[in-house]
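The values are calculated or read from the model by the stated rules, or taken from the named source; none is laboratory data. Fair warning: this is a prediction, and the values are worked out from it, not measured in the lab. Here the Cβ positions follow ideal geometry from the backbone for every residue, glycine too, while neighbour counts run over all protein chains shown.
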Amino acid sequence: MELSDSTLYDILIIGGGPAGATAGIYAARAGLKVGILDKGLTTGALGTTSKIANYPGVDGEIGGAELLKVMRKQAQGFGAEFINDKAIGSDLSSNPKAVFGNFGVYSARALIIATGSMGRANLIKGEAELLGRGVSYCAVCDAAFFKGKDVAVIGKSDEAIEEALYLTRFVKTLHFFSPTEQVDVPAETLAELTEKVNVVMHPGSVVREICGEQKVECLRVSARGSKEEESLPVEGVFVYLQGGKPITDFVAGQLEISEEGCLQVDRENQTAIPGVYAVGDVLCSHLKQAVIAASDGAVAAISAEKWLRGKARYRTDWGK
């Protein structure tokens, strides 16, 4: 969708996993204008899960990405808008609240943070030192700086593939490094990248170090499980790896974060800032299960709708 510099929503949900998608279902069904910032199906824990056999109401096994597609379709059916973007900053004290993405600024009367816990605690050697000097996390932001140059993309998610496809329009050669032999995206999406004449795939390869003095000059890489390393000359590195740390960097000290890196909420999933809610795996209060994350999303959406309309109690609604 085309976005203006500022797009106002009643509720903006950051993250499109089971918590965010469920919040979208409940909020949109309540007649609110809902936007959901999302980086792709396979950027979260549910989207990368191969089989689920214990989700209520689903008979037999189902893939995580397939289950998530159903949730998103249901949210869209009630009017929620999914926006392919990433939150890189925010102003939670403003009215309306503002979230800054790679493609624009999104304003909302209330926010629900559902970014999950796929953030990285451990960086590649040299990554931090060369950030902004060849290391980037945003192809749309920085692709033009690498026109006609050799670059590398590291990752295995929808986000990594989409960013790589964008880069192929600018760079001379793109080396795609997946830490596993299999890339967690639909076959047709992967084929779109592999068929590009300027793409070299490196499945099952590990980037050990990003090297360079004042800027990126090369990578030290090896096959997974091998001690043998080789040097690959590149001038840019775009990193889209995942880990197990709650993703809260975009709140930049505006909310209290526990020693484990999780956000703190009350019984209605509201943070210390009125109108700002947090759900799912960014919390440390429960097991990391899709059904529990979905429950969090429902609670937050109902609470936010109540807060927006100035109600003191939940509205009774059994889905009729």
Does region 265-277 contain any residue that is of a type outside the set (A, V, I, L, M, F, W, C), surrounded by 12 or more Cβ atoms within 10 Å (Cβ to Cβ) and not in a loop (DSSP other than H, G, I, E, B)?
yes
Candidates 151, 183, 200 - the one that is modelled with pLDDT under 90 and either in contact with a strand residue (DSSP E or B) (Cβ under 7 Å, 6 or more places away or on another chain) or in the same structural domain as residue 224 (by TED's automatic domain parsing) (or both)
183
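Search region 75-97 for residues being farther than 26 Å from residue 160 by Cα and buried (at least 17 other Cβ atoms within 10 Å of the Cβ), and hand back the single one that is farthest from the chain's Cα centre (by Cα).
The extreme case among them is 96.
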Is there a residue being closer than 25 Å to residue 12 by Cβ, basic (Lys, Arg) and in contact with an Asp or Glu (Cβ under 7 Å, 6 or more places away or on another chain) anywhere in region 93-108?
yes
If the requirement is being within 19 Å of residue 126 (Cβ to Cβ) and surrounded by fewer than 20 Cβ atoms within 10 Å (Cβ to Cβ), which of these qualifies: 219, 232, 165?
232
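Hey, can you tell me all the residues within region 29-39 that are in a loop (DSSP other than H, G, I, E, B) and either surrounded by fewer than 22 Cβ atoms within 10 Å (Cβ to Cβ) or of a type in the set (Phe, Trp, Tyr) (or both)? Explain how you work it out, then say what you get.
Step one: of region 29-39, the residues in a loop (DSSP other than H, G, I, E, B) are 30-33, 39.
The answer is 30, 31, 33.
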For region 284-302, state whether one or more residues are among the acidic types (Asp, Glu), surrounded by 24 or more Cβ atoms within 10 Å (Cβ to Cβ) and within 30 Å of residue 142 (Cβ to Cβ).
no
Restrict the check to region 43-60 and report whether at least one residue is of a type in the set (D, E, K, R), without any contact (Cβ under 8 Å) to a residue 12 or more places away in the chain, more than 24 Å from residue 244 (Cβ to Cβ) and outside any strand (DSSP E or B).
yes
Whether any residue in region 51-70 is buried (at least 22 other Cβ atoms within 10 Å of the Cβ), more than 15 Å from residue 105 (Cα to Cα) and polar (S, T, N, Q) is what I want to check.
no
